[in-house]
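As C-alpha cells, the structure follows; a few thoughts come after it.
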Amino acid sequence: MLEYYSNPDKSLLPKLLCRPSKGNDDVMKSVDEILLDVKNHGDEALFRLAEKFDGSRLDSLFASPEEFDEAEKLVSPELKKALNEASCNIRKFHEAQIPHSEHMETQKGVWCSRRIVPISRVGLYVPSGTAPLFSTVLMLAIPASVAGCRDIVLATPAKEGKVNPCILYAAKLSGVHRVMKVGGAQAIAAFAYGTESLSARDKIFGPGNRFVSFAKLRVSSFVAIDMLAGPSEVMVVADKSSDPVFVASDLLSQAEHGNDSQVVLLIREDEREAKKVYDDVKDAICALLKELPRASFMQKTLENSVAISFSSSKDILDAVNLYAPEHLIINTLDCDELAEGVENAGSVFLGPYSPESAGDYASGTNHTLPTSGWARSSSGVSTDSFIKKITVQKLTKEGAMGLSETVMEMAASESLYAHRKAMEVRTCR
C-alpha cells in the first residue's frame with residue numbers, strides 16, 4: 001500500500017520510480033503468430049481468432065446499420081446527454097487545434113507554403129475488456145473527424161457477436177464510418193495489412209493491453225502508429241493544504257484500470273508534515289476502498305505504487321520530470337507556479353477541483369496519452385495526430401536566378417553535380 005520514502009537520496013529515484021514489469025516473451029511470440037495468421041489468411045483468420053480469444057462467433061466482421069439503431073435504443077437518456085456534452089467540449093477543443101497553412105516569400109520570387117492534409121485512412125482501436133471504454137471512442141474519433149479523415153474505422157472486441165451499445169452510440173456520434181467487431185492483436189494486424197473486407201490503414205491509434213501494444217510495436221516499421229502506450233499511471237503532487245480524500249480518490253481512479261497500472265504520490269513538506277499528509281491519504285484510501293466495486297484491481301495496483309516526500313519544489317519537479325507521468329495532478333496552493341517547471345507529462349491537472357477523471361471524459365482535452373515515460377518525447381493524441389503537412393515551393397525565373405549561386409555552390413561542395421546541373425540549366429534559358 002503506497003510504500004513511503006522520506007527525502008530519499010536522488011540516486012535512488014530511478015529505482016523508486018521504476019514502473020512494474022512483467023515477462024513479455026510469451027506475449028511477443030503469440031503476437032507474432034497472430035500477425036502472421038491475419039496477414040496470410042485475412043478475414044478467415046479474423047473470424048476464427050474472434051471466436052478463439054473473445055468467445056464471439058461472428059456473422060459479420062462489421063456492425064450493421066440495424067445494430068447501430070438497436071444500440072441507440074439501449075443507451076439510457078442520461079448517458080446520451082453526458083456523451084453529447086462531453087463530445088461537444090472535446091470537439092470545441094480539437095477544432096481550436098486546426099493549424100493554418102503558411103504562405104510566404106522567403107526571398108524575391110521564391111514562394112514557400114505548407115498544405116494541411118488529413119491522413120486518409122485511419123484505424124482506431126478501443127478496448128472493451130474489464131470496462132467498455134466508450135470515452136476512448138470520443139477521444140480518437142472526434143479529432144479524426146475534425147481533421148477530415150475520409151475513412152475512419154474503429155475496431156473493438158465483440159461479446160456474443162455484439163459490440164457494446166455505448167461504444168456503437170459513441171462511434172456514430174463521433175463520426176466513425178465503420179465498426180469492426182474484432183479486438184486484440186488481430187485487429188491491429190487487420191489495420192496494418194488489410195484483409196478482403198478492409199483496406200490497410202495509413203495510421204493506427206488507440207490504447208490496449210500488452211498484446212495490442214506489442215502488435216502496434218511490431219507493425220510500426222511500415223505503418224504509422226500514434227504512440228507506444230503501456231499501463232495507465234498517475235502522479236499526484238500534494239502538500240498539507242490538499243484534501244486527503246481528493247488525493248486518495250485521484251490515486252484510486254487511476255488504480256482501477258488494472259493491476260499493472262501504477263500511482264505515485266509526491267508530498268512537498270518537511271519530514272513531520274509530510275508523514276502526516278501520507279497517513280491521512282492512506283486512511284482515506286482505506287475508507288474509499290470499502291465503497292468501490294473494483295477494489296481488488298486497486299489493491300494490486302497499490303502494491304506497484306509509491307509515496308515520496310521532499311521538502312523543496314525543485315526536488316519535486318526533478319522527480320516529476322524524471323518519471324514523466326501520463327497524468328500529473330498538482331494539488332498544492334501554488335499549483336500554477338509549480339506547473340511552470342513541468343517539462344515531461346502527458347496531461348496536467350491543476351488545483352483541488354481538477355480530477356484526472358475530468359480529462360478522461362469531458363473537459364475537452366484528450367485522454368489518449370503517452371505512458372511508460374514516453375511523455376519525455378511524445379505528446380498525447382490531438383488534431384495534429386490526424387494530419388500531414390506538405391511543403392510546397394514555387395520559384396519564378398527571377399527567384400531561380402536569385403537563388404542559383406547559393407544552390408550551385410552548396411551542391412558542388414557536396415559533390416552532387418546533378419543537383420548543381422538542375423539549377424544551372426535554368427540560368428541559361
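The values are calculated or read from the model by the stated rules, or taken from the named source; none is laboratory data. Every value quoted in this text rests on a predicted model; they were computed, and no experiment measured them. Note that each Cβ is placed from the backbone with ideal geometry, even for glycine, and that neighbours are counted across all protein chains shown. Accessible surface areas use protein heavy atoms only, side chains included; no ligands, DNA or RNA. Shrake-Rupley method; radii C 1.70, N 1.55, O 1.52, S 1.80 Å.
For the reader, a short list of remarks on this structure follows.
- Odd one out for Phe53 among (1) out of contact with any strand residue (DSSP E or B) (no Cβ under 8 Å at 6 or more places or on another chain); (2) assigned to a helix (DSSP H, G or I); (3) modelled with pLDDT of 95 or more; (4) more than 30 Å from Gly359 (Cβ to Cβ): (3)
- Entirely in the range 252-364, the strands (runs of 3 or more DSSP E) that have 3 or more residues that are farther than 26 Å from Ser11 by Cβ: 327-331, 347-350
- For the range 78-97, the condition holds for no residue, the condition being that it is more than 28 Å from Val381 (Cβ to Cβ) and at pLDDT 95 or above.
- Unique residue being farther than 30 Å from Thr365 by Cβ and of a type in the set (Gly, Ala, Ser) when the list is Ser21, Ser87, Ser76, Ser64: Ser64
- Those residues of the range 69-123 which are in contact with a Pro (Cβ under 9 Å, 6 or more places away or on another chain) and within 20 Å of Asn164 (Cα to Cα), in sequence order: Glu70, Ala71, Glu72, Lys73, Leu74, Val75
- So Ala131, is it modelled with pLDDT under 95 and either buried (at least 19 other Cβ atoms within 10 Å of the Cβ) or of a type outside the set (D, E, K, R) (or both): yes
- The range 53-76, residues that are over 18 Å from Pro132 (Cα atoms) and either touching a helix residue (DSSP H, G or I) at 6+ places or on another chain (Cβ under 9 Å) or not charged (D, E, K, R) (or both): Arg57, Leu58, Ser60, Leu61, Ser64, Pro65
- Among the candidates Asn40, Asn89, residue that is more than 24 Å from Gly208 (Cβ to Cβ) and among the polar types (S, T, N, Q): Asn89
- Leu317 hydrophobic (A, V, I, L, M, F, W, C), open to solvent by less than 40 Å² (accessible area, probe 1.4 Å) and in contact with a helix residue (DSSP H, G or I) (Cβ under 9 Å, 6 or more places away or on another chain): yes
- Filter result (open to solvent by less than 10 Å² (accessible area, probe 1.4 Å), touching a residue at least 60 places away in the same chain (Cβ under 8 Å) and under 25 Å from the mean Cα position of the chain (by Cα)) within the range 229-251: Glu233, Val234, Met235, Val236, Val237, Val247, Leu251
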